[in-house]
Structures are given as structure tokens and as C-alpha cells.
Amino acid sequence: MTDLIDRFNPWWFGETQFPGIPRETYLEELMRYRENNDVILVSGLRRTGKTTLMKQMIHRMIDEGTKPEHILFISMDNIGLKDRTILEIEEEYRKSSGMRNDERLYLFLDEVHFQEKFELQLKNLYDLGMTKIFASGSANLEILMKTPHLTGRYRIVEMRPLDFREFLIFNGHDIGEKNHQELVELAHQYALTGGIPEYVLTGDINSLNTMIQSVLFRDVFTRSRLRDNESLLNIFTMIVKNVSTPVSIRSISRVLNHSEETIRKVLELLEEVNLIRKVERYGNFKERKANPPKYYLSDTGIFNVIMDKVNMGAVVENLVFLKLRRYGSVHYHRSSGKEIDFILKKIAFEVKYVDDLPSDGSISIVWKGKKRVITRSYEGNLDTVKAIPLAGLLVFSGKEDIGIL
């Protein structure tokens, strides 16, 4: 095992190059948590850069004075470690390196969910007090934790696909040098491309297709109770084609001829692996559960793999949802036969991806609070509705109150 662990940790043997393009928001967040005792769980869709992020943090820690031998990185999906527990690996490393039990060890665990009862093992290390744990998983680790062992002992960092500002950085653009129309065009490009880093950098659709197949057939199918891959692909394709439309488990079951129990299980798994997000109707518990939810994709680039022809309206609505959910719980609303795309913090958001809005009053949002319409390029006020270009929403800082938009 020693040789394998050595290969995981090249910084023990000399200088290493900083990996990838830094995603400073996540790096700064992880660095803030470096010295507290919480277990830090980095969760997110495959290929969003969780492994790269942890290696970037290791590089920065060493630059700031942490001894390389006090950092241990392990990929728990490696077949060479399938018979080793996290506790055994940590204990063996301390012995082989001569590291005392009262010395601080920074333990980075990639794909931690491949370990059975990982939360109990992390809890045991946490209780010992001298091992600081950062663990990543391509599944939603908070959903996967079936026991209360880590309750009160962990923080979740959700690593998402690139946001618009990161998309510009990865493409070599300086947002400060772009005028309104240039940002409008770049926002359109971002909506179509999505934010999976490898696809953004290479434009290779095969990389995106490989990611989706890996998630579907490696992470979902084996636990889905389905008999063949095609059935799973059909369910996922139906979700993609109905993005922005309320869709019930019963309707999917009827169309695809699978039991409602099977459909429910597959949808839960698709959420668990961060591939889709559910949006319920606005209202009390009974209203939310009595009405079918909407489903959105975790990255808009996925449309390019599943759809022959992309529905730009659905893509942009999906992108607006991904931006809004950074600020809190998002719901849709229906009243008097009219639907409002999103409600967030009592603000109504409607998506109309057009360059101009009609002045005849046909843009009406039946809502008592603030009303916003997201356009392609139009900006201004129309009666009680404020129009905001997609680019304006996308560049809005996550640190600000969404209510000031």
C-alpha cells in the first residue's frame, strides 16, 4: 500500500505545479475551514472539479507553510484500497511516517462514499481530535448519510459547475472590459455550453457524454431496479424534455410503462447524484405535495447531449433556476391559471428570453410582492415589472441580497 499512497501524494517528493485554474470562491471557503475541527464534505456532480479543488488547496497550504508530510490524499475508489478502511489507512500512515498521534494530520479523501459506513469512520477520526478531514463525493453526501454519526460535526460545501464569472475566466475574458452587448452574447454562449470545466475548456462533446453515461450507468443504474440501461436513459430523457414543465411520477410511469415505485426510486437517485434538481409548487406543505414538481438539470450543457434540438427557452429558464438557488429555496407558483416560473424570498421571477418586451400590458405577473422578468437583453421597467437581462442576473454577486435586483 505504501507505493500506492506515495503516488497519490507527489508533494512529499518535491515541488508540484498548481493544478488547473483556481476557483477562488471554493478555495477561500475551504481555507477558512482549515483549522476548525469540522469534517468538510465537498459534494457535487461528477467532473465539476472536486478532486482538482482539493489538490489546489493542498498546494496552497504547502505554500503557506504546512509541512507536506502532514498532508495525506487518498482516492477511496482505487481498487488497491478496497479492503482497507479509512481508519486503517490513517493509522498506517502515521506509523510509517513517524507522525505522532498528537500531531495534526490533514486528511483528504476523494470519493469517500465508496467506503462502507464512511460517516462512522469519519466520526471516529473526528473524536480522536488530531485529524482534520476533507472528503469529496460525486453523490450528495448529505443524502447518503443514513446514520446520525456526523450530526453537528460536519459542513457541506456544494461544488457546482462554473458560474458565469468563472466561465469568463476559463475562456480568458475580463468581465470589466466587456460592454453590455458583449455580455449578452457571452451569457447566451454560457447558457448553451454550461459549466462543466472540461467541456468549457475543450468544447469536446464526448467529454460531456462520458460524464453523463458515467453518472447514469455507474452511479444510478446499479441501484435503480431497472433491467436495462435503455430504460434509465428513457426516464432521464423524459425529464430533460420536460424541463420547465410540472411532471408527475404517475405521468412518467404511464408513458414509459414502469411502476410508480421504480420511477420514484430513479428520480431520487438522479437527485442524489446531483444530476437533477426538484422544484416544488409555492405554498404550504399540503399544496406542495399535492401538485407535481418541476425538474431542472444541474448543468445546462447536458441539453446538448440529450436533445437533438435545444429549446432555448427551457435552457435559459434552467440557467435562471441554477442562479437563483444560490440565494435560497426556489419554488414555482400557479394562480388563476397563470404560472410564475420562480418564487424566491417572496420575489416573483418570470423568464422571457427576448430582446424587447411588449408595452401592451401582456407581460403581467400576478403577484403581490416584487416582480422581475429575465430577458435576453432588454433592461428597464414596465409598469410594476422590472426587466433584467440574463447577463445582469448572472453577474450579480452571490454575496449581495437578491432583493436589491
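Bear in mind that the values in this text are calculations on the coordinates, not laboratory data. These numbers come from a predicted model, not from an experiment. Positions of Cβ are backbone-derived with ideal geometry, glycine not excepted, and every protein chain shown enters the neighbour counts.
For the pair region 294-337 / region 64-111, the C-alpha centres are spaced 40 Å from each other. The DSSP beta bridges internal to the chain are antiparallel in roughly 35% of cases. Each of Ser251 and Asp38 was given a label point 7 Å from its Cα along the Cα-to-Cβ line. The distance between the two points is 3.9 nm.
222 nm [θ] for the chain, helices only, -39500 (n - 2.57) per DSSP H run of 4+, per residue, to 500? Walk me through the numbers before you get to the answer.
On the way: 17 runs with 157 residues, N = 405.
The helix contribution divided over the chain gives -11000 deg cm²/dmol.
Its relative contact order, with pairs defined as Cα atoms under 8 Å and 6+ residues apart, puts the chain at 13 percent. Compute the FRET efficiency between Asn206 and Ile175 as 1/(1 + (r/R0)^6), taking r as their Cβ-Cβ distance and R0 = 35 Å, and round to the nearest 0.05. Efficiency, from the Cβ-Cβ distance: 0.75. Each Cα pair under 8 Å and six or more residues apart adds its sequence gap; the mean of these over the residue count of region 2-158 is a relative contact order of 33 percent. Between the Cα long axis of helix 205-214 and the first principal axis of the chain there is an angle of about 70°, rounded to the nearest 10.
Which residues make up the longest stretch of the chain clear of GluC sites (Glu not before Pro) that lie in a DSSP loop with no more than 16 other Cβ atoms within 10 Å, not counting the sites? Don't jump to the answer; show the numbers that get you there.
Values: sites that count: Glu15, Glu35, Glu64, Glu103, Glu116, Glu379, Glu400.
Answer from the scan: 117-378.
Measuring spread by the Cα atoms of the chain yields a radius of gyration and Dmax of 22.9, 77 Å. Taking θ as phi - 60°, what are the ³J(HN,Hα) couplings along region 57-73 by the Karplus curve (6.51, -1.76, 1.60), each to the nearest whole Hz, with x for Gly and Pro? Here the 3J(HN,Hα) series is 5, 4, 4, 5, 4, 5, 4, 8, x, 5, 5, x, 6, 8, 10, 10, 10 Hz.
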